[in-house]
Amino acid sequence: MTGPLEQDDLTSEPEAPPAGDPIEVTPSREARIGELTVRRALPHRGRRTVGAWCFVDHMGPTTGGLDIGPHPHIGLHTVTWLLSGEVVHTDSLGTEQLIRPRQLNLMTAGHGIAHAEEGRHGPYHGTQLWVAQPEGTRHGPPAFAHHAELPRAELDRATATVLVGTLAGATSPARADTPLVGAELDLRPGRSEVELDPTFEHAVVVLEGRATVAGVEVTPGHLAHLGLGRDELELSADQTARLLLLGGTPFGPPPLMWWNYVARTVEEVQAAHDDWEAGADRFGTVPSACPRVPSMAPVGLRPPPS
Ligand code: MN
């Protein structure tokens, strides 16, 4: 369920986030991760980041194909959030952690980490998100945290579970290296409003059902980008629906993303690739029965436009 990037994700120039009201709804792209097909909402042509969120995969529901062997990361946090199924995470720090629905795994790569994920039982339905680390922490040590319980807040006709940051007065204990929010919103039929931080840009991905987001209908397989400067959001649904709200302060110049690496320069990507292929100590070893995943060479990789 950890998704490497593909060339198609990376072939266009990024846009500045729109300010104010316009909502931009963009279809997700199908991507293959091992045997699994996922809906990749971010990055896409024209948009690399929402705050520091730089990668949004929505997978399942599916019954199999979830095992992903040891592979490396640099410069990012992975945020794993399941709606159904159970997955075992192992990593080069020695972590072995079962994750269940409504629990959060937050792994920090920093200078380098490797991990594996093995499905324990399905059906699997969930998301894997990446957060780009800022300059101040991206060369730092790797880390892993499991949050078995997360705070909730009641809205008019919805319940918010806060994965990262603060929403509706509830604050997650999860680490955030830049101002960030991530929350699941479980909508009941009817209308709700939620206050937003207007210094953030925000986006919504619908995981189940259909929802009306600031007057625009959004269904699974799309990213609705809400722009900057919004201090509240109106949500409604005719039936129950689940969605993911993501936001943060604009990240600035986009990071250079290649395969499982979030970097700034081609040289950094090449060094990570070389270190993984050489089995260098940088990425350690991961106890996993699954085969190690070979790195994708950064052929044709160009530095990001600044
Ligand atoms: Mn991964």
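Using 0.36 nm times the number of residues separating S84 and A289, minus their current alpha carbon distance, what extension gain do you get?
In short, 71.5 nm is gained.
In degrees, nearest 10, range 0 to 90: what is the angle between the Cα axis of helix 266-277 and the longest Cα principal axis of the chain?
60 degrees
Sort 62-70, 110-118, 277-285 for me by packing, meaning the mean count of neighbouring Cβ atoms within 10 Å per residue, highest on top.
Going from most to least packed, we get 110-118, 62-70, 277-285.
Assuming R0 = 45 Å, what is the FRET efficiency of L93 and D238, from their Cβ-Cβ distance, to the nearest 0.05?
Step by step, r from the Cβ atoms, then E = 0.50.
Enter the Cα centre distance for the pair region 88-102 and region 56-74, rounded to the nearest angstrom.
Taking the Cα centre of each part, region 88-102 and region 56-74 sit 13 Å apart.
Which residues' amide hydrogens lie under 5 Å from the amide hydrogen of E86, considering only partners 5 or more residues apart or on another chain, with H built in the peptide plane?
R120, H121
Pulled fully out, how much extra length does the chain show between R210 and R32, if you take 0.36 nm times their separation in residues and subtract their Cα-Cα distance? Spell out each step's value before the answer.
Working: separation 178, 0.36 × 178 = 64.08 nm, distance 2.45 nm.
Taking R210 through R32 to full extension adds about 61.6 nm, to one decimal.
For R120 and R188 in the same chain, what is the full-extension length gain: residue separation times 0.36 nm, less their Cα-Cα distance, in nm?
The span from R120 to R188 would gain 21.5 nm if fully extended.
Report Rg/Rh for the chain, rounded to two decimals, where Rg is the Cα radius of gyration and Rh the Kirkwood radius.
Details: Rg = 18.1 Å, Rh = 19.2 Å.
In the chain, Rg relative to Rh is 0.94.
List the residues whose amide H sits under 5 Å from the amide H of R102, counting only those 5 or more places along or on another chain, with H placed 1.01 Å from N in the peptide plane.
L82
How do 31-42, 74-85 rank on mean C-beta neighbours within 10 Å, highest first?
Order by mean packing, descending: 74-85, 31-42.
Check which residues have an amide H placed less than 5 Å from L223's amide H, if you skip close sequence neighbours.
For L223, whose amide H was placed from the backbone, the distant partners under 5 Å are T26, S28.
What FRET efficiency, computed as 1/(1 + (r/R0)^6) with R0 = 35 Å and r the Cβ-Cβ distance, is obtained for R175 and V299, rounded to the nearest 0.05?
Here the calculated transfer efficiency is 0.55.
Readers should treat all values here as calculations from the given coordinates under stated rules, not as data from a laboratory. Just so it is clear, the structure is predicted and the values come from calculations on it, not from any experiment. Cβ sites come from the backbone with ideal geometry, for glycine too, and all protein chains shown count toward neighbours.
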